[in-house]
Amino acid sequence: MTSFSLDELFNLISNHNKWRLRYTVNLIASENVMSRTAWLAYISDFEHRYAEGKPGKRYYEGTKYIDILEPWANELMAKLVHAKHADVRPTSGTISNAGIFRILGDVGDKALIAPVQAGAHVSHTKYGTLGALGIEQVEMPYDSESMNVDVDKAIKMIEEVKPKFIVMGGSVYLFPHPVRELADAAKSVGSRIVYDAAHVLGLIVGGAWRNPLDHGADIITASTHKTFPGPQGGFYGVREDEELFKAIYKTIFPYFLSNHHLHHIPALLVTAMEMESFGEAYANQVVRNARRLAEALAEAGFKVLGEHLGYTRSHQVVIDVRKQGGGHKAAKMLQDANIIVNKNLLPYDPPTAIKDPSGLRIGVQEMTRFGMKEDEMEVIAGFFKEVLIDKKDPKEVASRVSEFRAGFTSIKYSFDDRKVEFHDTVLDLIK
Ligand SMILES: *Cc1c(COP(=O)(O)O)cnc(C)c1O
């Protein structure tokens, strides 16, 4: 085993921080950054503590402050998504899904899920959480014209299969899934609708994406670190049914976690408060940026998916890079130029193409947080062209990408420009 010195260890951390926070244009659609204010709230002694049980009724002593913060976070998150009840304990979106699926279905039951081509996440499938719980996945039919669930066929399928529940929302999707359109059919056969908003939670809270709970979904589940720019974690909200909420609540702990990583809760609260103040401006800018980037990439000569539908209504842009050498090679070349994206299967790729799929998935939410607008999207599209179409040396492009990035280092749509007194934070203790 290689042995590292302590200095080397801290060097590696520092190099990573500088690389991703200063030099690179980050376009991974599932990532984001917390504000400095939220980050400060993240670093605390809560990192070391347990608080099993409910606020006020814990199995441990020493929890009087988290007992104030946790209900506050639940309440604010519920308000932001128009739910009656919310729970911020899940330490990831997958844990949140597990608790929900466990309550809605038993071994051998059926759940309808969005087609994989329309973005279903692995946790919705037999290869992930649904499979681990022994619940059978039935994929709804895909309509390649709308790049979405085929509504008419899905309604027939709901009436035939009578699934225990239906999961919508996904990881690679440009247009909202048809919640309203399927809600009546779901209700008529007693199926609950779960909307997995992991990717689009920030857009929903900012009013730039249909709120599934206002359109007939029963439950919203999400990660809190994708378009919602909070600490890594998960949460879920139930529109109305208190009994359903209580059942899921009792399943998250003790079935799927014991420690709920208390330190993410204050940081989540800061982010939720920031989203209350600035979420609308942020979410609208994200969607405008995605649209502009898509147009600029198309103008530069790329094949951008969804052209006939206006390219995108989310934070994502998806491009087909088969002509530029395939997803694997294109993503590596962009990384050499300090642009970070991920390769992705496109709706027409076979699942076996996973190692070298045809596409790239691009998300603009993080760079929007750093203050980039439509003009910067055009600059980014220009870099893509230089690397992938003009075949310039990525190393040469890299330094210009970093110079460009250097103009965008503070986080907008946040409380970071306020003077906040951080009394007795752990920073004082570790100084
Ligand atoms: C990212 C994602 C998840 C998983 O979230 P984690 O917080 O990484 O566990 C679940 N569902 C969808 C649709 C996702 O995109």
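The numbers here are math on the coordinates, done by the rules we state, and not lab data. What you see is a predicted model; the values in this text were computed from it and never measured. Cβ sites come from the backbone with ideal geometry, for glycine too, and all protein chains shown count toward neighbours.
Taking amide H as placed 1.01 Å from N in the peptide plane, residue 359 has its amide H under 5 Å from the amide H of 321, 327, 344, 346, each at least 5 places away in sequence or on another chain. Rounded to whole numbers, the Karplus 3J(HN,Hα) couplings from phi for segment 376-392 are 5, 5, 5, 4, 4, 4, x, 5, 4, 5, 4, 6, 9, 9, 7, 6, 6 Hz, using 6.51 cos²θ - 1.76 cosθ + 1.60 with θ = phi - 60°, and x at Gly and Pro. Amide H to amide H, with H built 1.01 Å from N, residue 136 comes under 5 Å of 108, 109, 110, 111, counting only residues 5 or more places away or on other chains. Distances between placed amide hydrogens fall under 5 Å for residue 303 paired with 320, all partners being 5 or more residues away or on another chain. Taken about its Cα centre, segment 39-271 carries a charge dipole of roughly 420 debye when the Cβ of each Lys and Arg holds +1 and the Cβ of each Asp and Glu holds -1. Over all pairs of different C-alpha atoms, segment 39-271 has a mean inverse distance whose reciprocal, the Kirkwood radius, equals 17.8 Å. With the helix formula -39500 (n - 2.57) applied to DSSP H stretches of n ≥ 4, the chain reaches a computed 222 nm mean residue ellipticity of -12000 deg cm²/dmol. Across segment 237-252, coupling constants 3J(HN,Hα) worked out from phi with the 6.51/-1.76/1.60 Karplus curve, θ = phi - 60°, read x, 10, 4, 9, 5, 5, 5, 4, 4, 4, 5, 5, 4, 6, 8, 3 Hz, and Gly and Pro carry x.
With contacts taken as Cα pairs under 8 Å and at least 6 residues apart, the chain reaches a relative contact order of 22 percent. With the dipole of the chain worked out from charges on the C-beta (+1 for Lys and Arg, -1 for Asp and Glu) around the Cα centre, which of 364, 253, 186 lies farthest toward the positive end? So the residue furthest toward the plus end is 364. Between 259, 344, 15, the GNM of the chain built on Cα springs shorter than 10 angstrom shows 15 fluctuating the most. Largest mean-square fluctuation among 130, 80, 40, in a Gaussian network model of the chain whose springs join Cα atoms under 10 Å apart, belongs to 40. Sorted fewest first by neighbouring Cβ atoms within 10 angstrom, 366, 139, 378, 159 come out as 159, 378, 139, 366.
Charge dipole of segment 283-339 (Cα centre as origin; +1 on each Lys and Arg Cβ, -1 on each Asp and Glu Cβ, all else neutral): 80 debye, rounded to the nearest 20.
This model, with +1 at the C-beta of Lys and Arg and -1 at the C-beta of Asp and Glu, gives the chain a dipole about its Cα centre of some 440 debye. Phi-derived couplings, Karplus 6.51 cos²θ - 1.76 cosθ + 1.60 at θ = phi - 60°, listed residue by residue for segment 74-84: 4, 5, 5, 5, 4, 4, 4, 9, 6, 9, 7 Hz, with x used for Gly and Pro.
Positive end of the charge dipole of segment 39-271 (Lys, Arg +1 and Asp, Glu -1 on Cβ, about the Cα centre): tell me which of 267, 101, 120 has its Cα farthest that way. Looking along the dipole axis, the top candidate is 267. Shape verdict for the chain, please, from the Cα gyration tensor: rounded (a/c under 1.5), prolate (a/b greater than b/c) or oblate. Oblate, because a/c is 1.5 or more while a/b does not exceed b/c.
Projecting the Cα positions of 149, 201, 72 onto the charge dipole of segment 71-217 (unit charges on Cβ atoms of Lys, Arg, Asp and Glu, taken about the Cα centre) puts 72 furthest along the positive direction. By other beta-carbon atoms within 10 Å, ranking 302, 408, 10 with the fewest at the front produces 10, 408, 302.
The ranking of 227, 37, 368 from fewest to most other beta carbons within 10 Å of each one's beta carbon is 37, 368, 227.
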